[in-house]
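For reference, the structure is listed below as C-alpha cells.
Nothing in this text is a laboratory measurement; each read-out follows from the coordinates by a stated rule. Owing to the predicted nature of the structure, the values given are computational and were not obtained by experimental measurement. Neighbour counts are summed over all protein chains in view; Cβ atoms, including those assigned to glycine, are modelled from backbone coordinates with ideal geometry.
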C-alpha cells in the first residue's frame, strides 16, 4: 500500500472515529434529557394534586376521601393514543399523600397506606421546605423498574401539613428514548456511509493534491535552516496548486466539451468555402482566371483553419499552466521599442506610423517571450483597426507598484455591443480595411498571459476616438 493510500485511509478512519464519538455522546445524552423533560412535567402534576388536596383540608387535617374513586376511575379509562411511533393505552402515573410526619395517608396503588415515608427525599425535603425528588427501583436488582417521584407541599394557613407526590415509571418514556436512539444511529450510519462513498469517488479524481503535500514535506525536510516566510510562501503555493488541480479535475470535462463545440462552429465557415470552391473547380471549361481565384480561396481558407488550430493549441497549452516556467527581470521600455521596430514594415505598407512614448523605464518579473507575444498581439490589432495613413502609439506609464503598457489607435473604436465580448474565445470584429475577421483568439491569449504575470488587461475606447488597450503588470523596483 502506498503512502498516499495510507494517509487517505487514515483520514477516513479519523473521520469515522469522530462520527462514532459524536454519535455515542448524543445517544448517551438522550436519556438524561428525557428524564429532565419528564421531571418538569411531574413537578406541575404534583402541584396540581397538592392544590386539589388542599381544597378538602379542614382545621389542618388532610382528607383524601375523594382521591380513591378519582384514581380508580382514572386507571379504568380505556384509550389508544398514537404518539408518533409509540402507542399509549393506559395510565401509568402513580401518586400518594403523606401527613406532616411523612406517614402515607393515601396510595393510588393501595400498597403503602400507613407506612412512614419521611426518609424518602421527595417527602423529607418537601416537608423541610425544599424541592423533593427521587428515583427508586420497585425491584432492587432490576433497573427497568425505576420510578421517578416528585413531591409538592400541601399547605394550610401558610404551614406545610403534608406532601402530595406524583410518580412515573421510567419505562413509560423509555420507549421514546429507544426510538430516538435507533433513529439517530440509523441516520448517523447512513451519513457515514454516504461521506465515505463520496470521499472514495472524489479521491479518484483528486489524489494528486496528496502528492503535492508530500512534495511540500520533502521540501521542508530539505531546508538547512528554518525560514518561516519562505516556508509559508511555499505552503501557499502548494495549497494553490492543489486547488487548481482539483478545479481542473472537476471542470475538465465541461472545458473540453466547450472547446470542441466552439472550434467546430468556427471551422464550419472556412470548410464550407473550401468545399464550395472545390466543387466549382470540378466544372469543365472554367476560365483560368476563375480557377486561380478559387484556388487562392482554398489556400486562404485552409491557412485560416491552420492558424485557428495553431492558435487554439497555443492558448490551450497556456491555460493549463498555473505558473511561469521561466521568470526573469524584463525591461519594458526596450521591449516596446523592439516590437515597434519589428512592426514598422507591416505598418508602412498602409502608411501607418508607430510611436513609442516611454519617458522612463520600468521592470517587471515574468517571461519575456510571453510578454512580447502579448504586446505584439495588441499592436497587430491596433494596426489592423487603424485607418490608412493613421498612427499607433505605444506608451509606458510607471506607477509606484504597477507598470502600464498602453497600445492606442485612432480607428473606429469598439462598438457598444462588443464591449463585453472582446475577450471571449473566437469572438472577432471585421477589420475596416479588409472586412475580414481574425481567429478571435488573440485577446484571449493576452488575457491568459496577463493572469500568469499577476496582472490584468483592459480594452476600451479613448475619449478622443479610437481604442486603447492597457496591460498592467506588477512593477519591480530596485
Legend entry - Förster radius 45 Å - calculated FRET efficiency between residue 26 and residue 57, Cβ distance, rounded to 0.05: 0.45
Inset, instruction - Could you check the simple spin-label distance between residue 137 and residue 324, using points 7 Å along Cα→Cβ, in nm with one decimal? - result: 7.9 nm
Legend entry - Descending Cα extents along the principal axes, the range 328-474, whole Å: 40, 30, 28
Legend entry - Extended-chain gain in nm, criterion 0.36 nm per residue less alpha-carbon gap, residue 80 and residue 47: 9.2 nm
Legend entry - Value of D in µm² per second that Stokes-Einstein yields for the range 103-199, Kirkwood Rh from Cα pairs, at 37 °C (0.692 mPa s): 200 µm²/s
Inset, instruction - Provide 187, 385, 176, 423 in ascending order of the number of other Cβ atoms located within 10 Å of each residue's Cβ, fewest first. - result: 187, 423, 176, 385
Inset, instruction - Take the Cα pairs of the range 3-178, get the Kirkwood Rh, then feed it into Stokes-Einstein at 37 °C and 0.692 mPa s and tell me D in µm²/s. - result: 177 µm²/s
Legend entry - Segment residue 361-residue 145, length gained on full extension (0.36 nm per residue, minus Cα span): 68.6 nm
Legend entry - Contour minus Cα-Cα distance for residue 380 and residue 175 (0.36 nm per residue): 65.7 nm
Inset, instruction - Could you line up 369, 294 from fewest to most neighbouring Cβ atoms inside 10 Å? - result: 369, 294
Legend entry - the range 96-116 residues near the modelled residue 66 label - backbone nitrogen below 20 Å, point 7 Å along Cα→Cβ: 96-99, 105-109
Inset, instruction - Within 10 Å of each residue's Cβ, count the other Cβ atoms and sort 150, 170, 476 from fewest upward. - result: 476, 170, 150
Inset, instruction - Compute the separation of the alpha-carbon centres of the range 51-94 and the range 106-127 and state it in Å as a whole number. - result: 17 Å
Legend entry - Label-point gap, in nm, between residue 197 and residue 454 - each point 7 angstrom along Cα→Cβ: 4.4 nm
